[in-house]
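Student: Encoded as structure tokens, here's the structure I'll be asking about.
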Amino acid sequence: VPAGSFLAQLLRERYANVDPIICGFALLLSAPFVFLTCISAASDTLLCYFFVFLGEVSLNLTWSLVADILLYVVVPTRRSTAEGFQLLVSHALGDAGSPYFIGMISDALRILLTSNLNASSDIVTNGTSIAELRDVRSNEMDEINFKALQYALFTTCFVEVVGGVFFLITALYIVKDRLKVDRAVKEVAVPPVSPSGSSSDVQSSFK
């Protein structure tokens, strides 16, 4: 998480819109690592954890920058509301909603894969004991359960790509939005004087 902030500080003097650019490329970079994590989970545990590490590092580059972006594109009087709304939505769609969403996809895929297995099953029972048949069936169901969850987790790669694209689109407007907030803050700090000599309502700058 601090690496994202450090990288942005190094590049901000040269690129004013570097924050959303880093977030966008971080998500786009994380997506293939998450995909490789899911692929390698069944074959190589150490390789899987290696890709988990790379995917998480790339993903977490965005955390501190998202907080910065949220604060400097919102006027001070609305920042607490914006922060609360951002936390609510991110947790509702993230750690609260995503496990349920992944579970629904996994359940649907498991039912589909099981029905395909039943339709194409052609096990010869001659000379095969009931116990052996049960072992074969159990192994097939374990593989189906694994594949169903694996395929469901691929949706996270898609979400990361979509998020990365949105961040890159944000980079086109971030500088203009930040300047608008800076102008609004300066107008409040030095309120214009009305013809009668009294200061205008400072709150009008935020309307």
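Read-outs: derived from the displayed coordinates by stated rules, not from any lab. Note that the coordinates shown come from a computational prediction; the quantities given were computed from them, not determined experimentally. With ideal geometry, Cβ positions are generated from the backbone for all residues, glycine too; neighbour counts draw on all protein chains shown.
Student: What whole-number distance in Å separates the alpha-carbon centres of segment 49-71 and segment 1-48?
Tutor: Measuring centre to centre over Cα atoms gives 6 Å.
Student: For a Förster distance of 22 Å, can you work out the FRET efficiency between the beta-carbons of ALA96 and ASP68, rounded to the nearest 0.05? Kindly include the intermediate steps, with their values, before the conclusion.
Tutor: Details: r = 24 Å, r/R0 = 1.10.
Between ALA96 and ASP68 the formula returns 0.35.
Student: What FRET efficiency, computed as 1/(1 + (r/R0)^6) with R0 = 41 Å and r the Cβ-Cβ distance, is obtained for THR114 and PHE166, rounded to the nearest 0.05? Display every interim value, and only then the final one.
Tutor: Values: r = 36 Å, r/R0 = 0.89.
The computed FRET efficiency comes out at 0.65.
Student: Within 15 Å, Cβ to Cβ, of LYS147, how many net charges do the neighbouring residues add up to if Lys/Arg are +1 and Asp/Glu are -1? Show your work: numbers first, answer last.
Tutor: Details: positive: ARG110; negative: ASP107, GLU140, ASP142, GLU143.
Neighbourhood net charge equals -3.
Student: What is the P(r) of segment 1-93, as percent of Cα-Cα pairs per 5 Å bin from 0?
Tutor: 3, 14, 18, 17, 18, 14, 8, 5, 2, 1, 0
Student: With labels modelled as points extended 7 Å from the Cα through the Cβ direction, what inter-label distance (nm, one decimal) is found for GLN150 paired with LEU88?
Tutor: 4.0 nm
Student: Report the full-extension gain for the segment PHE6 to SER138: residue separation times 0.36 nm, less the Cα-Cα distance, to one decimal in nm. Could you put the intermediate results ahead of the total?
Tutor: Details: separation 132, 0.36 × 132 = 47.52 nm, distance 5.04 nm.
Full extension from PHE6 to SER138 adds 42.5 nm.
Student: Follow-up question, since we're still on this one. For the pair SER80/TYR15, report the inter-label distance in nm, with labels modelled 7 Å from Cα in the Cβ direction.
Tutor: So the label points at SER80 and TYR15 sit 3.6 nm apart.
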